[in-house]
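First up is the structure itself, then whatever we jot down about it.
The values are calculated or read from the model by the stated rules, or taken from the named source; none is laboratory data. Worth saying up front: this structure is predicted, and the values here are computed from it rather than measured. Ideal geometry is used to build each Cβ from the backbone, glycine not excepted, and the neighbour counts take in all protein chains shown.
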């Protein structure tokens, strides 16, 4: 499975007129604070992963968890460490790696 199969896109946040933030999709990593994609387990959730080392942007300080990024396209994106969604839930959520745009479930 690949990020592109899960509607993966880089994003930045912009202020919303009514308060809060809007997610704005970007064509590549330049200026993006993270990557958004559908949950690989297919539950319909949108996952937002924030970068520790964005390209031409500062890390989003509101995100208490951030991942190290390499690659500047969805096809070449790799993140470390692994991603574990809702590890304390019963049953726990998705646990996977993203390497060169591919998702490998744990």
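General remarks:
- Of residues in region 47-72 being part of a strand (DSSP E or B) and under 20 Å from residue 22 (Cα atoms), the one farthest from the chain's Cα centre (by Cα): 55
- Pairing each residue of region 55-82 that is touching a residue at least 40 places away in the same chain (Cβ under 8 Å) and at positive phi with any residue that is surrounded by 14 or more Cβ atoms within 10 Å (Cβ to Cβ) and part of a strand (DSSP E or B), provided the two are 6+ apart or on different chains, yields C-beta distances under 8 Å for 71/78.
- Residues satisfying the stated conditions in region 73-97, i.e. within 13 Å of the chain's Cα centre (by Cα) and within 19 Å of residue 26 (Cα to Cα): 73, 74, 77, 78, 79
- Matching residues in region 14-46 - criterion: being out of contact with any helix residue (DSSP H, G or I) (no Cβ under 9 Å at 6 or more places or on another chain), touching a residue at least 40 places away in the same chain (Cβ under 8 Å) and not in a loop (DSSP other than H, G, I, E, B): 30
- Filter result for residue 10 (in a strand (DSSP E or B), surrounded by 14 or more Cβ atoms within 10 Å (Cβ to Cβ) and out of contact with any helix residue (DSSP H, G or I) (no Cβ under 8 Å at 6 or more places or on another chain)): yes
- Top-ranked residue of region 76-88 - restricted to ones that are outside any strand (DSSP E or B) and farther than 17 Å from residue 46 by Cα, ranked as modelled with the lowest pLDDT: 88
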